[in-house]
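First comes the structure, then the notes that go with it.
The values are calculated or read from the model by the stated rules, or taken from the named source; none is laboratory data. Because the structure is predicted, anything quoted here is derived from the model rather than measured. Virtual Cβ from ideal backbone geometry, glycine too; neighbours counted across all protein chains shown. Areas reflect the complete protein model, heavy atoms only, side chains present, ligands, DNA and RNA absent. Shrake-Rupley method; radii C 1.70, N 1.55, O 1.52, S 1.80 Å.
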Amino acid sequence: MKRIPGLLLVLTLVMSTFTSCHTEKKADLNPFFEEWTTPYGVPPFDRIRPEHFPEAVERAISEQNAEIDAIVTNNDRPTFDNTVLAFDNTGATLRRTAQIFRMLALVEHTPEMQEAEDEILPLLAAHEAEILSNDRLFSRLKEVYDKRTTSRYTPEQLRLIEKQYSGFVREGALLDADQKKRLAAINEELALKKLAFGRNVTTEGEEYRLLIDDEKQLIGIPNEVCIQAQRDARAIDEKSSWLFTLDAPSMIPFLTYSSDRELRKEIYTAFLNLGANDNEYNNAKLINDLIRLRTEKAHLLGYASYAAYKLEIETAATPKAVYDLLDEIWEPALDCAKKDLEEMLPIFKRDFPNEEFSSWDWWYYAEKLRKQKFSLDEEMIRPYFTVENVKGGIFFLANRLFGITFRPVSLKLYHRDVAAFEVLDTDESHLGILLFDLYTRPEKIRGAWSGSYIAQGYKDGQRIAPVVAIVTNYAIPSTSNPTLLSTDQVEMLFHEFGHALQALFSDVKYNGLKRVEGDFMELPSQLMENWAFESEVLRHYATHYRTKEMIPDYMVRKIHRNRLFNQGFKTTTLVASALSDLDIHSIKEYTEFNPADFEHNALGMRRGLISQIEPRHRYTSFSHIFAGDYAAGYYYYPWASVFDKDAFEAFRETGDVFNREVAKNFRQKILSRGGEADGMTLYRDFRGKNPDRRKLLLSLGLIEEPKEDSTEVKTFQSAEIHSLGIRPEAIDHKPIMLYKKEQISTDKNDQK
C-alpha cells in the first residue's frame, strides 16, 4: 500500500478510495481552515466530515498555485533556496489534507465519502496536469539542475535537485506540445480506467455471499471464525445464518478448515472468477485498455515497455534484474510445492478416491498434512496469541531493540475501537503517536496496512512528529472471549509494525526525499517478522488467555519446525503473481489479448505452473496492479525479502538477535533516512556490503546450507551495473527518478 515525497505525491496519494468519519459538532466550520490545538497534533477526527474535504482540497490547491506563482514570477536568478527548496515547501496544506483523506477513506468507506471522491479526483488530476505543464517552473528547476555540478551542495540537496528535475522529465516535461497533450489525455484515461477496475472488483466481490444455514456444514471451522461469520450474517439481517465472503480473513479460514469440498470449490471459484464473469463487472476490456495506454505512455517517454519505465526508479532498475531473481526462486519453489502435493495426495485419495486434487483442496489438505507431520494444530496455539498479547510482544521487541516505549493516551479518534499510544524515544522525548485500528467493521476496507495521518516533517526548524496507524481486520472480540490470532495473523501485525517504525523514526528534512523505493520499502516490515516467533520474544508475550501460563517449550519447538511447511506453495503463488505482473507490463508492442490466455501461457505453458496451484491474484481481480500503484511492482515483496533476510543476519552474526548497536545502526542508516539516498546505497552503508541473495533462498528452504569451504556468494551485484547498486546516474549525476507514490503499505486483498 507505504511515506510521502514532494510534488506528485500530493496529487497521487489520494488516487484511491475515500471515506467518511464520525462527527458531531460545528457543522458550519471546516476544521481544515483553522490551526489545530489537539493533543500531539492529532487531526480533530471528531469534527471532520466528508463534505469538508472537497472545499478543503479546493482551497489547498489555490494555496499551492499561489506558492508556485511566487516562484515563477521571481526575477532573481534561480537558486536552490528560491526555486528547489521553495518548490519542495509548496503544497503543505494539500499534502496534509490529502493524506488524512486517503487514510480515512480506507477505514470508513461510506457512500458519502465516495461522493466526495467523485468530486475531488478531477480537481486533483487537473491540478497535477497544471503543475507538470508549467514551463516556467520547469525552466527554473532545469537551470539549477544544469548547474548542479558547479555549485557546492550537500548530498541531500543534490539528490533533491535531481529528483525534482527528473520527476518532471518522467512526466513529459521534455516532450513537444502535441506529445504533452497526448500524454495528458493518456493519464486522464488511465485514472478513470483504474478507478473503474477497482470498483468492479469491489462491487462484484461484495455481492458474493456464501450463506450457510445448516450448522453441520461448519464442522471443522474454528469457533472464532464462525462467530465472526455469524456477526457478518446478522449485519445483512440473516440472523440464523453464517456468512462467508471473498475477503481473505473470511475465505482463507473457510478453505483451510471446511470439510465440505463443494462449498470450498464454490467460494474459491467465485474468487478466481472475480472480474471475469459475463456481466457488467467484467474487467477484460479494461485490462486491455490499461496495458495499451501504459505501453503507449512508455513509448512516448522513450521506454521500450511500461515495466522498463516503472523500474528505472527502483533499486532493481531493470526488468532483467527482477526476472533474474524471480526465475531463481521459481523452479525450486515449484519443485517444493510438488513434493508437498505428493504427500497430500494419499490423504486426499482416502476421502475422494475417484476425484482429482484441485486448487480449492490445497489449504484444507495442507492443514491435515501439517497436523500429521508436526502434530501442530493452530487451534491449540491461538489461545496464546490474543491481540493484546501480540501488541505487548511488539512493544517488548521495540523496547529491546531500539529502547523506545509506548504510553497509552486518551484522544478523540474516528472510532471507539481505535487505541492510541504516545511513542517515547530513548530520552523519553515525544517521537510520535501510534494508532491501532485492528478490528473489522462493515465500512472498513478489508486487508492490513500501515500509514500516516500526519507525516514526519519540519516546520520552522522543528520536527513535526508523525501520527501513524496500523490497520487490520481481525475479528471483533466477544464479551466473554478476546480475539485470538493465527500464526499468520501474528506475523502480519509484526509486519505492519515494521512500516510504522519507519514512519515514526523518519527524520527527513526535505519533503521530496521522503520517498523510499517501492522494492526497498518492505525491508523494515519484513525484517520485523523475523522476531515474531523468536523463543525469547514468545516467552515474553505468548501466554494463555485463560490459564495465564506461558506457551510451553514443546509448542515453541513445533512452531519452529513448522516454519518451512507449505513454503513451496506460498512462495509459488506469490512469485506467480509477480511474474504475471511483470510479463504483462513488459509488452513492447500492444495487440489485443485475452487475459486468461495470456496468464495461462505465461505461467502454465512457459513456466509449468501445475493446475493445483493458482497465482495469488488472477488478472481480472488483480487490483494491486490495475487499480493501485503496484503495476510492474508486485515483485516488491520477494525483492525486499533479499534485504530483510540479509539484514537479520547482521543481528545473528553478533550472537545476539537483539543487539542494540546493530538496531541503532539500522535506525540511523535506514529507518530515519527515508529516500535521502537510493536504497542500495543506504543498505550498503548499514551492512557494509550488498545483500546476499542466498540468505533468502536458505530461509525459504529452497537451497541447502553451503559447505564450510564454499566461497560462492550470490548478491545483488554481478557484472550488471544496476545490480551493483551504483547506477550510471549516481556517477555522472544524471537524475535519480522521482516515484509518484505515498510510502504506505496497503496489503489489501493480500493473504500475507
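For this structure, a couple of remarks:
- Residue within the range 192-199 that is among the basic types (Lys, Arg) and either surrounded by 17 or more Cβ atoms within 10 Å (Cβ to Cβ) or touching a Gly at 6+ places or on another chain (Cβ under 8 Å) (or both) present: yes
- Pick from the range 356-386, criterion outside any helix (DSSP H, G or I), over 13 Å from Met344 (Cβ atoms) and open to solvent by 30 Å² or more (accessible area, probe 1.4 Å), ranking: modelled with the lowest pLDDT: Asp377
- Failed item, numbered, when Gly701 is tested on (1) closer than 26 Å to Glu536 by Cβ; (2) over 24 Å from the mean Cα position of the chain (by Cα); (3) modelled with pLDDT of 90 or more: (3)
- Boolean, Asn389 is buried (at least 19 other Cβ atoms within 10 Å of the Cβ), polar (S, T, N, Q) and at pLDDT 95 or above: yes
- Every residue from the range 666-686 that is open to solvent by 40 Å² or more (accessible area, probe 1.4 Å) and either part of a helix (DSSP H, G or I) or touching a His at 6+ places or on another chain (Cβ under 8 Å) (or both): Arg667, Gln668, Lys669, Thr681, Arg684, Asp685
- For the range 100-113, the tally of residues that are in a helix (DSSP H, G or I) and either touching a Lys or Arg at 6+ places or on another chain (Cβ under 9 Å) or among the aromatic types (Phe, Trp, Tyr) (or both) stands at 4.
- Within the range 599-610, residues that are more than 17 Å from Ile287 (Cα to Cα) sit with their Cβ atoms under 9 Å from residues that are part of a loop (DSSP other than H, G, I, E, B) and of a type in the set (Val, Ile, Thr), at 6+ positions apart or across chains, in these pairs: Gly604/Ile610.
- Taking the range 444-491 and the strands (runs of 3 or more DSSP E) fully enclosed by it, the elements with 2 or more residues that are over 17 Å from the mean Cα position of the chain (by Cα) are at 457-459, 462-464, 467-474.
- Residue match in the range 63-74 (condition: modelled with pLDDT of 95 or more, of a type outside the set (Phe, Trp, Tyr), open to solvent by 10 Å² or more (accessible area, probe 1.4 Å) and part of a loop (DSSP other than H, G, I, E, B)): yes
This table checks each residue for (1) closer than 29 Å to Val468 by Cβ; (2) surrounded by fewer than 18 Cβ atoms within 10 Å (Cβ to Cβ).
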| site | (1), (2) |
| --- | --- |
| Arg140 | no, no |
| Val144 | no, no |
| Tyr153 | no, yes |
| Glu162 | yes, no |
| Ala173 | no, no |
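- Of residues in the range 294-333 being of a type in the set (D, E, K, R) and over 24 Å from the mean Cα position of the chain (by Cα), the one modelled with the lowest pLDDT: Glu331
- Residue list for the range 225-267, filter: open to solvent by less than 50 Å² (accessible area, probe 1.4 Å), among the charged types (D, E, K, R) and within 33 Å of the chain's Cα centre (by Cα): Asp232, Asp247, Arg261, Arg264
- Residue identified as of a type in the set (Lys, Arg), farther than 30 Å from Asn665 by Cβ and in a helix (DSSP H, G or I) among Lys588, Lys570: Lys570
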